[in-house]
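Asker: Got a structure for you, written out below as structure tokens; questions coming shortly.
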Amino acid sequence: MIVQTMREFGSHRSCIRDLFDYGLRKAREIGAENVYDYSLGNPSVPAPAAVKDAILATLESHSSVAIHGYTPASGAPDARLAVAEDLCRRYDAKIRPENLFFTCGAAPALVSALHALAVEQSEFLLLAPFFPEYAVFVTAAGGKPVIVPADTETFSLDIAAIERHLTAHTQAVIVNSPNNPSGVIYSAAELEALAALLCRKSAEYAHPIYIIADEPYRELTYDGVEVPFLPHIYADTIICYSYSKSLSLPGERIGYVCVPDTATDSEELYFAIAGAARACGHVCAPSLMQRVIALCAEVRPDIATYDQNRQTLYHALTEYGFRCIKPHGAFYMLVEAPDGDAAAMSERAKKLNLLIVPGADFGVPSFCRLSTCVSPDMILRSLPAFRALMETYRK
């Protein structure tokens, strides 16, 4: 006997990964230079030089056990201290090392937070558009994912819609800003409105409704737009973070959960998250990378290439007649299907060797997602294919 839910997760793969794998097969057939792959959020900008320097310094100055052996379950003390100090400096926050639990990237951080909160009949709000794996994580934790439809005109927070979906069973709202897939950054005013709503509903239901802030793109912002520090706006915030995007280290699987002291029952919540990480086998994130983060906590990404890519694509695609949501963060862009059918648009694009992800799994079935963290050269080479794609709608 097997668990059918897990079988379904394994047999129905992510639409992103399926398209990426298709691209690999197609590249073997016709050459990688002839496939325009916008499927996967795999950073093309190299890791900052400081990361290489930190790796070499760690290898030279630490013993093999310190580099490759276990750290404490919650993370190496020097890494936790470095991150706490960086957060305090940047945001005038009161974060202690004891508020941090290192994880193997943002996914285990989210999974641990969800398992810690998934009491009987628990519900978790997913604000469309959202990363598709959220639904998987919530369901696996024993919770119920509740999808709040997107405002596809502005892609801002729809406070009225969120309120309609809140119930006494709501344990948390997952907030992802900068957002994957839209690239939208929620403003302080929007987040303050959400905080006011959750404060009111928490009082009404006599239990805290947490915000789980998924922030792997926090440093990837454009046009001077800033990402508000959510614990300053809403006390009951849990931060889940990854260095996959900011330091171009997706394969190294390093991130953390932060439970600020301001959160209700913060110590008990932290222990529950630590226990969930233990139960899921997520303790002791990669030791070498923890040492690297201890030396690189203040390092920020060079976003010039990502900015160039979003500008190039946005201006070209809008010129061709596509409606695009201009991103102010992350490295994705939503493009609306001219006929409202993003799945069909993705299939049309594949015939032109253009790989764009249909948005149904993100909660926006009329949009396709483009990952703009690709080489500028590929973008330029792909533009005739985008023009040809629009022409297929005009015949």
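The values are calculated or read from the model by the stated rules, or taken from the named source; none is laboratory data. Quantities reported herein were computed from a predicted structural model and do not represent experimental measurements. Backbone-built Cβ (ideal geometry, glycine too); neighbour counts: all protein chains shown.
Asker: From the list TYR222, TYR186, which residue is crowded, with 20+ Cβ neighbours inside 10 Å, assigned by TED's automatic domain parsing to the domain that holds ALA106 and touching a residue at least 40 places away in the same chain (Cβ under 8 Å)? Explain how you work it out, then say what you get.
Answerer: Details: TYR222 fails: crowded, with 20+ Cβ neighbours inside 10 Å.
When all the criteria are applied, what remains is TYR186.
Asker: Can you tell me which residue in segment 357-388 is surrounded by the fewest Cβ atoms within 10 Å (Cβ to Cβ), limited to those that are out of contact with any Pro (no Cβ under 9 Å at 6 or more places or on another chain) and under 14 Å from ARG323 (Cβ atoms)?
Answerer: Taking the candidates together, the pick is SER366.
Asker: Would you pick out the residues in segment 233-281 that are charged (D, E, K, R), in contact with a helix residue (DSSP H, G or I) (Cβ under 8 Å, 6 or more places away or on another chain) and within 18 Å of PRO108 (Cα to Cα)? Spell out how you get there, then give the answer.
Answerer: Taking segment 233-281 first, the residues charged (D, E, K, R) are 236, 245, 252-253, 261, 265, 267-268, 278.
Subset that is in contact with a helix residue (DSSP H, G or I) (Cβ under 8 Å, 6 or more places away or on another chain): 236, 252-253, 261.
Once the filter is applied, which keeps residues that are charged (D, E, K, R), in contact with a helix residue (DSSP H, G or I) (Cβ under 8 Å, 6 or more places away or on another chain) and within 18 Å of PRO108 (Cα to Cα), segment 233-281 yields GLU252, ARG253.
Asker: Specify the residue that is farthest from the chain's Cα centre (by Cα); the eligible residues are those in segment 339-395 that are closer than 20 Å to GLU319 by Cβ and in a loop (DSSP other than H, G, I, E, B).
Answerer: LYS395
Asker: Of the residues ILE30, ILE55, which single one is at pLDDT 90 or above and more than 27 Å from PRO108 (Cα to Cα)? Steps first, please.
Answerer: Working: ILE55 fails: more than 27 Å from PRO108 (Cα to Cα).
The conditions single out ILE30.
Asker: For segment 1-24, which positions are touching a residue at least 24 places away in the same chain (Cβ under 8 Å), of a type outside the set (A, V, I, L, M, F, W, C) and part of a helix (DSSP H, G or I)?
Answerer: THR5, TYR22, GLY23
Asker: Can you tell me which of GLY255, GLY281, GLY275 is assigned by TED's automatic domain parsing to the domain that holds SER74 and at pLDDT below 95? Before you say what the answer is, go through the steps one by one.
Answerer: Working: GLY255 fails: at pLDDT below 95; GLY275 fails: at pLDDT below 95.
Checking each option against the conditions leaves just GLY281.
Asker: Take the residues of segment 32-44 that are hydrophobic (A, V, I, L, M, F, W, C) and in contact (Cβ under 8 Å) with a residue 60 or more places away in the chain: which is nearest to ALA279 (Cα to Cα)? Talk me through it step by step, then tell me what you get.
Answerer: Pass one, segment 32-44, residues hydrophobic (A, V, I, L, M, F, W, C): 32, 35, 40.
If we keep only those that are in contact (Cβ under 8 Å) with a residue 60 or more places away in the chain as well, we get 35, 40.
Numbers: VAL35: 42, LEU40: 30 Å.
The selected residue is LEU40.
Asker: Does segment 59-69 contain any residue that is of a type in the set (D, E, K, R), within 12 Å of ARG291 (Cβ to Cβ) and in a helix (DSSP H, G or I)? Talk me through it step by step, then tell me what you get.
Answerer: If we filter segment 59-69 for residues that are of a type in the set (D, E, K, R), which is where we start, we get 60.
Going one step further and asking which of them are within 12 Å of ARG291 (Cβ to Cβ), we end up with 60.
Subsequent filtering for residues that are in a helix (DSSP H, G or I) retains 60.
Yes, segment 59-69 has at least one match.
Asker: Got at least one residue in segment 308-317 being without any contact (Cβ under 8 Å) to a residue 40 or more places away in the chain and either surrounded by fewer than 17 Cβ atoms within 10 Å (Cβ to Cβ) or among the small types (Gly, Ala, Ser) (or both)? Explain how you work it out, then say what you get.
Answerer: Keep residues of segment 308-317 that are without any contact (Cβ under 8 Å) to a residue 40 or more places away in the chain, which gives 311, 314-315.
Add one more test, that the residue is either surrounded by fewer than 17 Cβ atoms within 10 Å (Cβ to Cβ) or among the small types (Gly, Ala, Ser) (or both), and what stays is 311, 315.
So far as segment 308-317 goes, yes, one or more of its residues are without any contact (Cβ under 8 Å) to a residue 40 or more places away in the chain and either surrounded by fewer than 17 Cβ atoms within 10 Å (Cβ to Cβ) or among the small types (Gly, Ala, Ser) (or both).
Asker: What strands (runs of 3 or more DSSP E) completely inside segment 98-172 contain at least 2 residues that are without any contact (Cβ under 8 Å) to a residue 24 or more places away in the chain and in contact with a helix residue (DSSP H, G or I) (Cβ under 6 Å, 6 or more places away or on another chain)?
Answerer: Working: elements: 100-103, 123-127, 144-148.
Once the strands (runs of 3 or more DSSP E) in segment 98-172 are filtered for at least 2 residues that are without any contact (Cβ under 8 Å) to a residue 24 or more places away in the chain and in contact with a helix residue (DSSP H, G or I) (Cβ under 6 Å, 6 or more places away or on another chain), what remains is 144-148.
Asker: Exactly one condition in (1) part of a helix (DSSP H, G or I); (2) closer than 24 Å to ALA76 by Cα is not met by ALA193; state its number.
Answerer: Status for ALA193: all satisfied but (2).
Asker: Oh, and also: Just one of ALA79, ALA47, ALA27, ALA73 is touching a residue at least 24 places away in the same chain (Cβ under 8 Å), of a type in the set (Gly, Ala, Ser) and assigned to a helix (DSSP H, G or I); which is it?
Answerer: Numbers: ALA47 fails: assigned to a helix (DSSP H, G or I); ALA27 fails: touching a residue at least 24 places away in the same chain (Cβ under 8 Å); ALA73 fails: assigned to a helix (DSSP H, G or I).
After ruling out the rest, the residue left standing is ALA79.
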